[in-house]
1. Short version: ³J(HN,Hα) in whole Hz for each residue of region 7-17, in order, from phi by Karplus 6.51 cos²θ - 1.76 cosθ + 1.60 (θ = phi - 60°), x for Gly and Pro, what are they?
2. Counting Lys and Arg as +1 and Asp and Glu as -1, what is the net charge of the other residues whose Cβ lies under 14 Å from the Cβ of Ser30?
3. Give the span of the chain's Cα atoms along each principal axis, as three whole-Å numbers ordered largest to smallest.
4. Please give the calculated 222 nm ellipticity per residue for the chain, where each DSSP H segment of at least 4 residues contributes -39500 (n - 2.57) and the sum is spread over every residue; nearest 500 deg cm²/dmol?
5. Which value, in debye to the nearest 20, describes the size of the charge dipole of the chain about its Cα centre when Lys and Arg Cβ atoms bear +1, Asp and Glu Cβ atoms bear -1, and nothing else is charged?
6. Take Lys44 and Glu64, extend 7 Å from each Cα along the Cα→Cβ direction, and tell me the distance between the two endpoints in nm.
7. From Cα pairs below 8 angstrom and at least 6 apart in sequence, can you work out the relative contact order of region 5-59, rounded to a whole percent?
Amino acid sequence: MNISRSRREILMLICKGLSNAEISDLLHLSQRTVERHRASLLAKTNTHNSIAMVLYAIKHGLVEI
């Protein structure tokens, strides 16, 4: 799966349990930008919520825990 470096970083932070607000503060992005990245990741992984996306990411080796 082709995921940009910035989206992969956001995915890792989601997997660590950070909220959109926490991610936006940490990466100095607007909360809306983080929301768009999250929506894109949900679409790319064909999942409907963050838990399913995290499980997909772990199962497919997109993140390491």
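1. 5, 5, 5, 5, 4, 4, 5, 4, 4, 7, x
2. Numbers: positive: Arg32, Arg36, Arg38; negative: Glu22, Asp25, Glu35.
Taking every Cβ under 14 Å from that of Ser30, the sum is 0.
3. 29, 22, 20
4. -20000 deg cm²/dmol
5. 220 debye
6. 1.9 nm
7. Details: 33 pairs, mean separation 17.8, N = 55.
Relative contact order here is 32 percent.
Here, each number is a calculation from the coordinates, and none is a lab measurement. This structure is a prediction, so every number in the text was calculated from the model and none was measured. Cβ coordinates were reconstructed from backbone atoms using ideal geometry, including for glycine residues, and neighbour counts include every protein chain displayed.
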